[in-house]
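What follows is a set of notes on a single structure, which appears directly below.
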Amino acid sequence: MRLVRCRNRVAHPVCTYGEDAAARGNPMSPQLPPVKRIRWNQAYRIVPSRFPTIGVYDRVADPADLEAVFALEAMTNPRLREEAGALQLVPAERRLSGPGATPVMAAFTHLNPEGSRFSDGSWGVFYAAHSVATAVEETVYHRERFLAATHEPACEIQMRCYRTELDRRLHDLRGGWSAAHDPDSYVASVALARELRAAGSNGLAYDSARHLGGECLAAFYPDVVAPCVQARHLIYRWDGVHIAQVLEVSELARPR
């Protein structure tokens, strides 16, 4: 295993941002962020390893067939019945299927009722970071809050890192829109996301609130990003108070 992050050497910096676009004389509307073409050859999403890597979405070649396949499999699978209901929230023409689709579609069919930075809990968002380092800091922050709230004893948590890419026009919050980047409150960011989704936005590019200089993506629809490929296996080492270390796990080559 290789040390990726150590609590003693990496802190959670509080990002500071410049004045909002309107205050800087940006000719775009002071109400909504500008739309820009965002092309990232790599973006990273980290999730607990307990989530399956392959699901129904990977086994279906055509997204148009998803509802029929779900209807058949849900007859004997209560979990899929619930997931099929959430699938209706995703427009049919914007769904993904085929190899690598499950990690993307899961973000839209397994909703977090508590919400997130750009969701009130009633719609899904696919979050990813432009670098592994930013993805680690974002997930460490949220995992620490969960472990502390549930009073978990010291343990190790296996995490899986996926890689994707995108080439889409997104609303760009980077470098401004400080209210939507608030590290402690999601009120303004959720309100903005609700308005942008209603206007047909693909999603947002924004600054990380947990990793100084990092950039993140919030996709409002699955087809904004490419299907995922598995990138790394990580271990988050929780000491009962903090995630003190993040380790990368690699397979040792053995002679055949």
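Some notes on this structure:
- Full extension of the chain segment joining residue 32 with residue 94 gains 20.0 nm, where the gain is 0.36 nm per residue of separation less the Cα-Cα distance.
- Dividing the convex hull volume of the alpha-carbon atoms in segment 151-199 by its residue count gives 176 Å³ per residue.
- Counting Cα-Cα pairs of segment 162-256 in 5 Å increments starting at 0 gives whole-percent bin shares of 2, 10, 15, 17, 16, 15, 12, 6, 3, 2, 1, 0.
- Farthest towards the positive end of the charge dipole of segment 187-253, among the residues 188, 217, 233, is the Cα of 188, using unit charges on the Cβ of Lys, Arg, Asp and Glu.
- The calculated P(r) of segment 85-225, using every Cα pair and 10 Å bins from 0, goes 11, 41, 37, 10, 1 in percent.
- Span from the segment 112-132 Cα centroid across to the segment 192-256 one, whole angstrom: 10
- Contour excess over end-to-end distance, with Cα ends at residue 3 and residue 169 and 0.36 nm allotted per residue: 56.2 nm
- By other beta-carbon atoms within 10 Å, ranking 155, 161, 228 with the fewest at the front produces 155, 161, 228.
- Computed over every Cα-Cα pair of segment 179-226 and binned at 5 Å starting from 0, the pair-distance distribution P(r) comes out as 5, 20, 26, 26, 17, 6, 0 percent.
- Each Cα pair under 8 Å and six or more residues apart adds its sequence gap; the mean of these over the residue count of segment 161-251 is a relative contact order of 31 percent.
- Note on residue 244 and residue 151: the model spin-label points, each 7 Å out from Cα along the C-beta direction, lie 2.2 nm apart.
- A viscosity of 0.890 mPa s and a temperature of 25 °C, combined with the Kirkwood radius over C-alpha pairs in the Stokes-Einstein formula, give segment 91-149 a diffusion coefficient of 187 µm²/s.
The numbers here are math on the coordinates, done by the rules we state, and not lab data. Owing to the predicted nature of the structure, the values given are computational and were not obtained by experimental measurement. Cβ coordinates were reconstructed from backbone atoms using ideal geometry, including for glycine residues, and neighbour counts include every protein chain displayed.
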